[in-house]
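Right, one structure below, let's go through it.
Since every read-out is calculated from the coordinates, none of them should be taken as a lab result. Just so you know, these numbers come straight off a predicted model, no measurement behind them. Methodologically, a virtual Cβ is constructed for each residue, glycine included, from the backbone with ideal geometry; neighbour enumeration extends over all protein chains shown.
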Amino acid sequence: TMDRTLPGPDHKASLEPGELKDMVAGIRAVERALGDGKKTSRPSEIKNMAIARKSLVAARDLAKGETITAADLKAKRPGTGVSPMEYWDRLGQILDRDVAEDELI
């Protein structure tokens, strides 16, 4: 509205031009703060990724030809191997090599 004192039910609940401009500026600031929605690592994070992240490792000695079960996997540092996010994808796979306990899968 141009003036909240005008008669009618909508004017009292409406924004005046300056307030609308401020609201739009606030919305644009929030949009910038939210970013583009793409999760990317910052340079400072990349240095610590291998140390801070975890990888899937064998929970026991596994032989070539064995089928991977939940009891066969655990997650440990460093994060230089297969991500624990792939845990469910690895279950049921058949090993193509021997894997020692605590060795990266």
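Points worth noting:
- For P(r) over Cα pairs in 5 Å bins from 0, in percent, the candidate list reads (i) 2, 11, 13, 12, 8, 6, 7, 6, 5, 5, 5, 6, 6, 5, 3, 2, 1; (ii) 2, 10, 12, 14, 17, 16, 11, 7, 5, 4, 2, 0; (iii) 2, 10, 13, 15, 14, 16, 15, 10, 5, 1, 0; the entry that matches the value derived from this model is (i).
- With each label modelled as a point 7 angstrom along the Cα→C-beta vector, the Thr5-Ser44 pair spans 5.3 nm.
- Counting only alpha carbon atoms, the long axis of helix 17-34 and the longest principal axis of the chain meet at about 10°.
- Take each peptide in 78-90, 11-23, 50-62, count the other Cβ atoms within 10 Å of every residue, and average; sorted highest first, the result is 50-62, 78-90, 11-23.
- Calculated over segment 43-90: convex hull of Cα atoms, volume per residue (Å³): 76 Å³
- In sequence order, calculated HN-Hα J values of segment 40-53 (Karplus, 6.51, -1.76, 1.60; Hz; x Gly/Pro): 10, 7, 7, x, 5, 6, 4, 4, 9, 4, 4, 7, 7, 7
- Binned Cα-Cα distances of segment 1-41, short to long, each 10 Å bin given as a whole percent: 27, 30, 21, 15, 7, 1
- Cβ-Cβ FRET estimate between Trp88 and Ile27, R0 fixed at 41 Å, reported to 0.05: 0.55
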